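K.L.:
Structure provided below as structure tokens; questions to follow.
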């Protein structure tokens, strides 16, 4: 469905969100750096380069919260195995970012002072963030940044028999039988093996979607000539 937004709405949608996100992250930096300094982080010297380690705290708090929110949203949309961990991490990161800002400003305005509990809690932030990110990276292969998703689409209709017609589902427009046959002929002409991976590459479809097209073509060939079409079987699936 296409929605024709007015120009100002398009500008807000396209530019407003990243500007607000960047502004919020920038405004969070001073409080998080201050909280790290209260916990005892100081400058370190590596060779002749002096660096304020406390300046990295915003990455462990606000940037981590933003990353966790994106990971949780993608995991939920694609129903990945790590979606519960990602959601828990996003909620914890949001709570951490809120608490860091509140505590930092309360200390800055002399409403509260530091304590061993506060120092211990702030000191635990970097290792906990690192642990969660490593946990996400070590998740199953299906949670990688590129995920093979079985694409819902309308497949081509092979014949007049209603039993041969695939059930229609909403999704990407299906390919015609001629398009699939042309792609198979292209693979044969190039001397490439006709398998789901190669056919999916030519058709710009996922391998599992290409597998269905191959199985459908094989059934069509068997019904039309009584034997598999040249270049179709045996399939390397």
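The values are calculated or read from the model by the stated rules, or taken from the named source; none is laboratory data. For clarity, every value in this text was computed on a predicted model and none was experimentally measured. Backbone-built Cβ (ideal geometry, glycine too); neighbour counts: all protein chains shown.
K.L.:
State whether one or more residues within the range 157-174 are touching a strand residue (DSSP E or B) at 6+ places or on another chain (Cβ under 8 Å), under 26 Å from residue 78 (Cβ atoms), surrounded by 15 or more Cβ atoms within 10 Å (Cβ to Cβ) and at pLDDT below 80.
P.N.:
Yes, there is a match, as at least one residue in the range 157-174 is touching a strand residue (DSSP E or B) at 6+ places or on another chain (Cβ under 8 Å), under 26 Å from residue 78 (Cβ atoms), surrounded by 15 or more Cβ atoms within 10 Å (Cβ to Cβ) and at pLDDT below 80.
K.L.:
Something else now. Residues being assigned to a helix (DSSP H, G or I) and over 15 Å from residue 174 (Cβ atoms): count how many of those fall in the range 184-223.
P.N.:
17
K.L.:
The conditions are (1) without any contact (Cβ under 8 Å) to a residue 60 or more places away in the chain; (2) surrounded by 14 or more Cβ atoms within 10 Å (Cβ to Cβ), and residue 45 fails exactly one of them. Which is it?
P.N.:
(2)
K.L.:
Continuing with the same structure: Any residue at all in the range 81-89 that is within 18 Å of residue 134 (Cβ to Cβ), touching a helix residue (DSSP H, G or I) at 6+ places or on another chain (Cβ under 7 Å) and surrounded by 22 or more Cβ atoms within 10 Å (Cβ to Cβ)?
P.N.:
Yes, because at least one residue in the range 81-89 is within 18 Å of residue 134 (Cβ to Cβ), touching a helix residue (DSSP H, G or I) at 6+ places or on another chain (Cβ under 7 Å) and surrounded by 22 or more Cβ atoms within 10 Å (Cβ to Cβ).
K.L.:
Here are 90, 55, 99, 36: which of them is assigned to a helix (DSSP H, G or I), under 26 Å from the mean Cα position of the chain (by Cα) and in the same structural domain as residue 132 (by TED's automatic domain parsing)?
P.N.:
90
K.L.:
Pick out the one residue from 56, 26, 78 that is surrounded by fewer than 17 Cβ atoms within 10 Å (Cβ to Cβ), farther than 23 Å from residue 120 by Cβ and modelled with pLDDT of 85 or more.
P.N.:
Among 56, 26, 78, only 26 is surrounded by fewer than 17 Cβ atoms within 10 Å (Cβ to Cβ), farther than 23 Å from residue 120 by Cβ and modelled with pLDDT of 85 or more.
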